[in-house]
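I have placed the structure first, in the form of structure tokens, so that the comments after it can refer back to it.
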Amino acid sequence: MDNGNLSEKGAILVIDDDLLVLQTLKKVLSGEGYFFDIARDGYEGILKAKAGFFHLVLCDIRMPGLNGLMTIQHIKKYQAQAGEGKSGFIVITAYDSHETTHQAIQLGVTGYVIKPFNLPDLLRAVHLQMQVLVPAGHNAITEIEELNRRLQGFLGAGSNA
């Protein structure tokens, strides 16, 4: 994560295999003033989440390779092991089912958006999440820089074991 491009509004990672969704969200979220990064699959999303802290992760469920729920589970496990940072998660899916919803709730996902989504509704969900994750008067840039420093220390300590 390039700290030079961080926004005081917070950092968002979008994990989705649909290029159109990624391009649309990149344009909309960066236009709203958020720092934004993308991952095209679960594995890349995990690597990016380990390399730098994101306040919010938007994640598709059905992707080739590692599905979205497993991706979220890996990111949450890593953050718990590192003891640093706790991202919020919004699931984005075109395949809504009771089982998937139940699994997402059990994982602690706090938002669930069905594709095709309405951009104003998605933005409203993102803004509500970010108000909780980055309280008013809170310096998101300083927080992210400090968490990234600690996470890199955790990664370094883990590689020496």
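So here's what we get for this one:
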quantity: Single residue of Asn67, Asn118 found to be in contact with a helix residue (DSSP H, G or I) (Cβ under 8 Å, 6 or more places away or on another chain) and either free of Cβ contacts under 8 Å to residues at least 60 places away in the same chain or closer than 22 Å to Leu29 by Cα (or both); calculated: Asn67
quantity: Every residue from segment 119-136 that is under 23 Å from Leu69 (Cβ atoms) and not in a helix (DSSP H, G or I); calculated: none
quantity: Helices (runs of 4 or more DSSP H) wholly inside segment 1-98 containing at least 2 residues that are over 21 Å from Pro116 (Cβ atoms) and at pLDDT below 95; calculated: 42-51, 68-82
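The values are calculated or read from the model by the stated rules, or taken from the named source; none is laboratory data. As the structure is a computational prediction, the values presented were derived from the model and not from experiment. Using ideal geometry, Cβ is built from the backbone for each residue, glycine included, and neighbour counts are taken over all protein chains shown.
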